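A short worksheet on the structure shown next.
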Amino acid sequence: MTTTANDFDVLDDPTLLRTAAYVDGAWITDGESGSFAVDNPATGRAIAEVPALSADQVAEALDAAERAQAGWRALSAKERSKVLRRWFDLTETHADDLAHIIVLEQGKPLAEARAEVAYAASFIEWFAEEAKRVRGEIFDSPKASGRVVVLQEPVGVCVAVTPWNFPAAMITRKAAPALAAGCTMVVKPASQTPLTALALAELAERAGVPAGVLSVVTGKAREVGPVLTGSPIVRKISFTGSTEVGRQLLQESALTVKNASMELGGNAPILVFDDADIPTAVDGVLAAKFRNSGESCIGANRVYVQNGIYDEFAKAVAERTASLVVGSGLEDGVQIGPLIDEAAVEKVAEHIADATGGGATVLAGGGVHDRGGRFFAPTVLAEVAPTMLITREETFGPVLPLVRFEDEADVVRWANDTEFGLAAYLFTKDAERTWRVAAALEAGMVGINTGLISNEIAPFGGIKQSGLGREGSVHGIEEYLEMKYLAWEGAGTTQPDA
Ligand code: NAP
């Protein structure tokens, strides 16, 4: 398989660029279902060709994961932790190259790609540590002579299906806890961003992750997907992506009753109250909206601003938005990169057209950027109605719709009027309101006076149709563990005779 010359000259270590799938410790260049191109969203040009594995080749990766399972699980937690620690160290050492690969296939600005690599690495470091803290429980049983012993055991062979918007972090947030727990994993990265996944696999191999413990399969979702969801070998599926695909994977996995973690779509509301600190709220809203060019599941999709500060807030936000620098992720000072593909551009344009058609006004941007292609001008819309399409569907682009509100009860109702429940944000200096509104918001995560909520220590995940389970935090490893209860008769008989 090939890459286009020059695109990757920026890499210090060119051997990190892998264009072969990684199965059972071997690099597979021949896809039995052909190959597919990876393009650079900034130019639209193909930069690499990656194999499309057949169903049989994917099944081989699952067989390898099953073969590797016993040996990996038999290592002590400390030994697994050491391997993960080496993977973390290598990820840090090669952070700059990983960031460049992300920019080239995903499009985000280099500074954001570096931040993503640091975020991705933090999960490997965290779960290298958490591996050693898995522990069971022991209780007195109802009979004095017995004990209830609860062990925590690895779930077994796991698969991860991951999206293109955070091509490194969405993998390490799954693979690190899985491996820490003693599971093996087969990862299917998004077809738009396989190169980051393969570079991570290369580093895992160098770190000493044994063959079969972590494989990366590339291929067409409709061919790869059913093998992953249908195989009885697979005991767990962990998916990050759209709610629509998540539902389908859950349905398919039901036939073999797989354990499932789902990180799905969002429609995050931001509530800015009259008593908010306006500069803090402006910073927070811009961070929550324009990170990753708006292509983030926890990105602000709709911003509700209370009447008393609406005009001042809208003006400040529009000025800052208009000054954001749009360009290719490798250019100096760029803050907004291209969108992932033409369909993304069309969706954003459709949401803006629907809003302006209904009476919303454009305060900044409003359409495709002067650079053309997949570059979209960061946009602010004012006087958006709470019923418009842009407030109901995930826009996944750099558009900030401002909805005016007067009453706290109304805005909480509007915020919750969605099938999604991933993130929500509120800006206020009133402590009582903070508790009241945070409690009322139907979301798995609530940012309070901040637009940045993701880190490895916090439990990340959604409620309603935004998902099942949590990633990161002390709870993230629980997704890859199962309880086994031992009813131990006689274990309590060591007490001295009465
Ligand atoms: P997507 O279309 O759902 O795709 C996600 C992954 O699923 C890709 O690897 C894709 O493969 C694969 N896939 C698609 N159809 C499949 C099928 N029938 N069987 C098996 N695999 C299948 O989502 P996306 O466009 O990549 O990502 C954007 C979405 O992810 C947004 O909705 C966003 O909110 C969500 N997201 C959620 C979180 C979270 O933590 N909750 C984080 C990031 C993103 P191909 O690429 O080969 O089609």
### Query
Within the group Gly365, Gly373, which residue is on the phi > 0 side of the Ramachandran plot and touching a Ser or Thr at 6+ places or on another chain (Cβ under 7 Å)?
Gly365
### Message
So if I check each of Val186, Val234, which one is of a type outside the set (Ser, Thr, Tyr), open to solvent by less than 10 Å² (accessible area, probe 1.4 Å), more than 10 Å from the ligand (Cβ to nearest atom) and outside any loop (DSSP other than H, G, I, E, B)?
### Response
Val186
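Regarding Thr91, is this residue touching a helix residue (DSSP H, G or I) at 6+ places or on another chain (Cβ under 7 Å), farther than 16 Å from Thr218 by Cβ and of a type in the set (S, T, N, Q)?
Working: touching a helix residue (DSSP H, G or I) at 6+ places or on another chain (Cβ under 7 Å): yes; farther than 16 Å from Thr218 by Cβ: yes; of a type in the set (S, T, N, Q): yes.
It is true that Thr91 is touching a helix residue (DSSP H, G or I) at 6+ places or on another chain (Cβ under 7 Å), farther than 16 Å from Thr218 by Cβ and of a type in the set (S, T, N, Q).
Matching residues to (1) open to solvent by 30 Å² or more (accessible area, probe 1.4 Å); (2) over 22 Å from the mean Cα position of the chain (by Cα):
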residue: Leu381; (1), (2): no, yes
residue: Glu394; (1), (2): yes, no
residue: Pro401; (1), (2): no, yes
residue: Phe427; (1), (2): no, yes
residue: Ala431; (1), (2): yes, yes
### Query
Is it the case that the range 240-247 has a residue that's away from the ligand (no atom under 13 Å from the Cβ), of a type in the set (D, E, K, R) and surrounded by fewer than 22 Cβ atoms within 10 Å (Cβ to Cβ)?
no
### Query
Hey, any hits in the range 290-306 for a residue that's open to solvent by 40 Å² or more (accessible area, probe 1.4 Å), aliphatic (A, V, I, L, M) and modelled with pLDDT of 95 or more?
no
### Query
Among the listed residues Ala176, Ala180, which satisfies the condition of being within 15 Å of Ser238 (Cβ to Cβ), away from the ligand (no atom under 16 Å from the Cβ) and part of a helix (DSSP H, G or I)?
Ala180
#### Entry: Whichever residue in the range 189-231 is open to solvent by 10 Å² or more (accessible area, probe 1.4 Å) and of a type in the set (S, T, N, Q) and, among such residues, is nearest to the ligand (Cβ to nearest atom)
Ser191
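Which residue is farthest from Ala95 (Cα to Cα), if the candidates are limited to the range 121-155 and must be open to solvent by less than 10 Å² (accessible area, probe 1.4 Å) and in contact (Cβ under 8 Å) with a residue 60 or more places away in the chain?
Residues of the range 121-155 open to solvent by less than 10 Å² (accessible area, probe 1.4 Å): 121, 123-124, 127-128, 131, 146.
Of the ones still in play, those that are also in contact (Cβ under 8 Å) with a residue 60 or more places away in the chain are 123, 127, 131, 146.
Values: Phe123: 14, Phe127: 19, Ala131: 23, Gly146: 53 Å.
Out of the qualifying residues, it is Gly146.
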### Query
On the given criteria, is Asp12 open to solvent by 40 Å² or more (accessible area, probe 1.4 Å) and in a loop (DSSP other than H, G, I, E, B)?
yes
### Query
Any residue in the range 21-42 that is at pLDDT below 95 and farther than 23 Å from Ala121 by Cβ?
no
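Mind counting the residues in the range 267-298 that are touching a residue at least 40 places away in the same chain (Cβ under 8 Å), part of a loop (DSSP other than H, G, I, E, B) and either away from the ligand (no atom under 12 Å from the Cβ) or touching a strand residue (DSSP E or B) at 6+ places or on another chain (Cβ under 6 Å) (or both)?
First, pick out the residues of the range 267-298 that are touching a residue at least 40 places away in the same chain (Cβ under 8 Å): 267-273, 275-277, 280-281, 283-298.
Now restrict to residues that are part of a loop (DSSP other than H, G, I, E, B): 267, 273, 275-277, 295-298.
Filter once more, so that each one left must be either away from the ligand (no atom under 12 Å from the Cβ) or touching a strand residue (DSSP E or B) at 6+ places or on another chain (Cβ under 6 Å) (or both): 267, 273, 275-277, 298.
Qualifying residue count, the range 267-298: 6.
The values are calculated or read from the model by the stated rules, or taken from the named source; none is laboratory data. Just so we're clear, the structure is a prediction, and the values are computed from it rather than from any experiment. All Cβ positions, glycine included, derive from the backbone under ideal geometry; neighbour counts span all protein chains shown. Heads up: the accessible areas ignore ligands, DNA and RNA and are worked out on the full protein's heavy atoms, side chains in. Shrake-Rupley method; radii C 1.70, N 1.55, O 1.52, S 1.80 Å.
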